[in-house]
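The values are calculated or read from the model by the stated rules, or taken from the named source; none is laboratory data. Every value quoted in this text rests on a predicted model; they were computed, and no experiment measured them. Because the Cβ atoms are built from the backbone with ideal geometry, glycine has one as well, and the counts that use them run over all protein chains shown. Just the protein is used for accessible areas: all its heavy atoms, side chains included, with ligands, DNA and RNA removed. Shrake-Rupley method; radii C 1.70, N 1.55, O 1.52, S 1.80 Å.
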Amino acid sequence: MTGYLPHSDALKRLANKLPKTELHLHIEGSLEPELLFELAQRNNITLTYADVAEVRAAYQFSDLQSFLDIYYAGAAVLITEQDFFDLTRAYLERADADNVVHVEIFFDPQTHTERGVDIGVVIAGLRRGLLWGEATFGITNKLIMCFLRHLEEQDAFTVWEQALPYLQEIDGVGLDSGERGNPPEKFKNIYAAVREAGLPVVAHAGEEGPAEYVRSAVDVLKVSRIDHGVRCIEDPLLVAELAEARMPLTVCPLSNQKLQVYPDLADHTLKFLLDKGLCVMVNSDDPAYFGGYVNANFDACIEALPLTEMDIRQLAKNSFEASWLPESVKADYISQIETLQI
Ligand code: ADE
Ligand code: ZN
């Protein structure tokens, strides 16, 4: 493969250096094993793992649920405001190293409130971390609260009511956790209430669930972005409609590989969707569990897929177009992406 390698190295250098946003990141999924052990010790929690190597060895997943079981167990070490701050700071250090300049991160309040951790403690720690990232690196941010879709809509209403005193700290609402058997329509009423309160909404759809779930997230929940969405390709008309609307899909390639959506990254549809004119971009989802942050995702895609220099620049541009940044800021970054040379 001589001749291919230098080209792919140059593309990686470009992808790594371009300014980017990250729009699909579960902050609990950025808990690296080292911090997991540190927080367990600080909070007197006994882990079932002997050491960091054993934790990493356990990160082999057969599907989304097999990951979620380990992910929710890991989140149990997060208890105090300082824990949530430390978690956010660690993520932003990694984001800065990848030239991510703006983040829109998810958190799962129900994972914490059901263990007796107050939602106000969670939000205070995350917000302090985000402020630190802005002051230290200039990384701007949005915070998105997600409902767990394996629970009932009534549970989502309960956590929404708990969040009401902190609404000025929350920039949007999303939907995550086990997708199969939990269609977007299940959350129709709570999404109507959230939209009524003036917040933008997003939802995971078409990760493991069918293309229909992508359609109902758009039509019923009225989302402004789809998280994952890769299974939309099973409905060519839907693909055309998503392209026409420039409805963003926050694609997470290494996540899809590790959760066996596309066990071989060479089969990933990122390039296909980009060629169809969809507003797709590259995100890390749960980087501590899936093998890397945004640049690692770019590197893996450059190795596995026939991406061109124009594709790399387009993915970075899409990450700004799909963000909730002001239009003038987006335009500024997009022109930087068009002109940056390596
Ligand atoms: N929560 C954390 N990561 C998730 C994913 N990839 N899909 C659904 N829910 C999640
Ligand atoms: Zn996700």
Can Ala124 be described as among the aliphatic types (A, V, I, L, M), surrounded by fewer than 19 Cβ atoms within 10 Å (Cβ to Cβ) and farther than 27 Å from Gln336 by Cα? yes
The residue that is nearest to Arg149 (Cα to Cα), considering only those in segment 90-122 that are among the charged types (D, E, K, R) and in contact with a Lys or Arg (Cβ under 9 Å, 6 or more places away or on another chain), is Glu104
Out of curiosity, is Asp227 within 16 Å of ligand 2 (Cβ to nearest atom), touching a Ser or Thr at 6+ places or on another chain (Cβ under 6 Å) and either open to solvent by 10 Å² or more (accessible area, probe 1.4 Å) or in contact (Cβ under 8 Å) with a residue 40 or more places away in the chain (or both)? yes
Single unsatisfied condition, Gln168 versus (1) open to solvent by 30 Å² or more (accessible area, probe 1.4 Å); (2) closer than 21 Å to Ala205 by Cβ; (3) not acidic (Asp, Glu): (2)
When (1) within 19 Å of Arg149 (Cβ to Cβ); (2) crowded, with 22+ Cβ neighbours inside 10 Å; (3) touching a Phe, Trp or Tyr at 6+ places or on another chain (Cβ under 6 Å) are applied to Phe61, the one that fails is (2)
Go through segment 120-167 residue by residue and tally those that are in contact with a Pro (Cβ under 9 Å, 6 or more places away or on another chain) and part of a helix (DSSP H, G or I). 6
Boolean, Lys276 is within 16 Å of ligand 2 (Cβ to nearest atom), more than 23 Å from Asp96 (Cβ to Cβ) and open to solvent by 50 Å² or more (accessible area, probe 1.4 Å): no
Suppose the filter is in a helix (DSSP H, G or I) and under 25 Å from Gln162 (Cβ atoms); does Val117 pass it? no
Working only within segment 320-342, note down all residues that are modelled with pLDDT under 95 and under 24 Å from the mean Cα position of the chain (by Cα). none
Within 16 Å of ligand 1 (Cβ to nearest atom) and surrounded by fewer than 24 Cβ atoms within 10 Å (Cβ to Cβ): which single residue out of Val239, Val251, Val261, Val220 fits that description? Val261
